[in-house]
Amino acid sequence: MLKEEEAKEKLEEILNQDEYRIYYADTRNSLQIWWDELVAWLADLLSRLFPSMENTNGTAGNILILLLGLVIIFMIVMLIFYISKYRRNQTIRKKQPFSTNEMEWSYHQHITEAKTYEEAEDYSLATRHLFLGTLLYFHEKEWLVAKIWKTNWEYYEELNKGDKGRADLFFDFALLFDRATYGKQQVLKEDYQEYRDIVMYWINASNEKR
């Protein structure tokens, strides 16, 4: 009996030693503990849904890795999308399309001037006047309010409150206008005609309703 008590005391003494306690201590950091708990939760869920599944811990870990990978890819794609959109917005945010003199023209005058440059095959200047004519036409239709101090971005935001499709088309047209006006790039005939046809359709449809 004495030997058994001595053995118990000796065992307790061994268990209380730092070397033994450190060996069995949980050395995982917070992230590892969180991950293991998440894997265990998912493994338990899988075992309930699919009782015949083997190695649920390993399967749960693989599923979590796959899900995290998909989330990261989704976030990267969204980041690229927003960066691209931000850069596009910046191209028209600070540019005023009108000069004081051009503001005094009617949209009919700008459309006529656009046709003159189109016939001369100067599609960059034709684009400029077509765009300004479009703005003044939108102003007449009360889709926006044209002011000398406003930027294309502000016009886009006004249009976006009403008709998003019209606003998106204006946005793309503004980019072509910027290329011709500020970027000094030559506009191709096909690019000009695409927007000319749309603008003239709007104007002709409006005149037919009168």
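The values are calculated or read from the model by the stated rules, or taken from the named source; none is laboratory data. Predicted model, so just to flag it, every value in this text is computed and none were measured. Every residue, glycine among them, receives a Cβ derived from its backbone with ideal geometry; neighbour counts consider all protein chains shown. Calculation scope for accessible area: heavy atoms of the full protein, side chains included, ligands and nucleic acids excluded. Shrake-Rupley method; radii C 1.70, N 1.55, O 1.52, S 1.80 Å.
Annotations
- Among the conditions (1) modelled with pLDDT under 90; (2) open to solvent by less than 70 Å² (accessible area, probe 1.4 Å); (3) part of a helix (DSSP H, G or I); (4) touching a Ser or Thr at 6+ places or on another chain (Cβ under 9 Å), the only one that Ile148 does not satisfy is (3).
- Residues (within 22 Å of Leu144 (Cβ to Cβ) and without any contact (Cβ under 8 Å) to a residue 40 or more places away in the chain) located in the stretch 166-199: Arg166, Ala167, Asp168, Leu169, Phe170, Asp172, Arg179, Glu194, Asp197, Ile198
- Residues that are open to solvent by 60 Å² or more (accessible area, probe 1.4 Å) and either under 17 Å from Glu118 (Cα atoms) or small (Gly, Ala, Ser) (or both), drawn from the stretch 161-178: Gly162
- Leu135 vs. criteria buried (at least 16 other Cβ atoms within 10 Å of the Cβ) and part of a helix (DSSP H, G or I): yes
- Candidates in the stretch 151-160 are the residues that are of a type outside the set (D, E, K, R) and farther than 19 Å from Tyr201 by Cβ; of these, the one that is surrounded by the fewest Cβ atoms within 10 Å (Cβ to Cβ) is Asn160.
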